[in-house]
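Presented below is the structure to which this report refers.
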Amino acid sequence: MQVCPCCKRKLPAPKKLGTNRDLALDLALAEKAIDSLESALRWPNESESFREAVHMELQRMNRALTDHGLLWRIYRRNSKNPSYAAVDRFEVAA
């Protein structure tokens, strides 16, 4: 906490939205999902449509590891937290 130089009162700290933690958690969830999808591709006797759907979802999750907007839409779209990029702008401004 910072202290005011003239009156020596403690100044309130700016609120941090905690997106770095949210982003790290979502990246870990995406990596676990990728592992699960890769193991699903190794299942024997599955239909071609199932394999195609798993392969498409695997591509989407791999893209989400680098595209954080897509990652936010996958895991946090219905939450009240702002997107990772919006929170980064707030933290830089504070």
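May I ask you to list the residues in region 43-66 that are at pLDDT 90 or above and of a type in the set (D, E, K, R)?
Within region 43-66, 48, 51, 52, 57, 60, 63 meet the criteria.
Here is a check on your reading of the model: is residue 73 basic (Lys, Arg) and modelled with pLDDT of 90 or more? Don't jump to the end; show me each part of the working.
On the way: basic (Lys, Arg): yes; modelled with pLDDT of 90 or more: no.
Criteria not met by residue 73.
Working only within region 39-62, note down all residues that are out of contact with any helix residue (DSSP H, G or I) (no Cβ under 7 Å at 6 or more places or on another chain) and charged (D, E, K, R).
Passing the criteria: 42, 46, 48, 52, 60.
Looking at 21, 60 in this structure, which one is basic (Lys, Arg) and either in a loop (DSSP other than H, G, I, E, B) or loosely packed, with under 12 Cβ neighbours inside 10 Å (or both)? Talk me through it step by step, then tell me what you get.
Working: 60 fails: either in a loop (DSSP other than H, G, I, E, B) or loosely packed, with under 12 Cβ neighbours inside 10 Å (or both).
On inspection, the qualifying residue turns out to be 21.
Can you confirm whether residue 78 is more than 10 Å from the chain's Cα centre (by Cα) and closer than 25 Å to residue 23 by Cα? Before you say what the answer is, go through the steps one by one.
Details: more than 10 Å from the chain's Cα centre (by Cα): yes; closer than 25 Å to residue 23 by Cα: yes.
The answer is yes for residue 78.
Can you pull out every residue in region 36-55 that is part of a helix (DSSP H, G or I) and loosely packed, with under 11 Cβ neighbours inside 10 Å?
Going residue by residue through region 36-55, those that are part of a helix (DSSP H, G or I) are 36-41, 48-55.
Passing the criteria: 39, 48, 49, 52.
The values are calculated or read from the model by the stated rules, or taken from the named source; none is laboratory data. Predicted model only: the values in this text are computed from it and were never measured. So basically every Cβ, Gly included, is an ideal-geometry build from the backbone, and we count neighbours across all protein chains shown.
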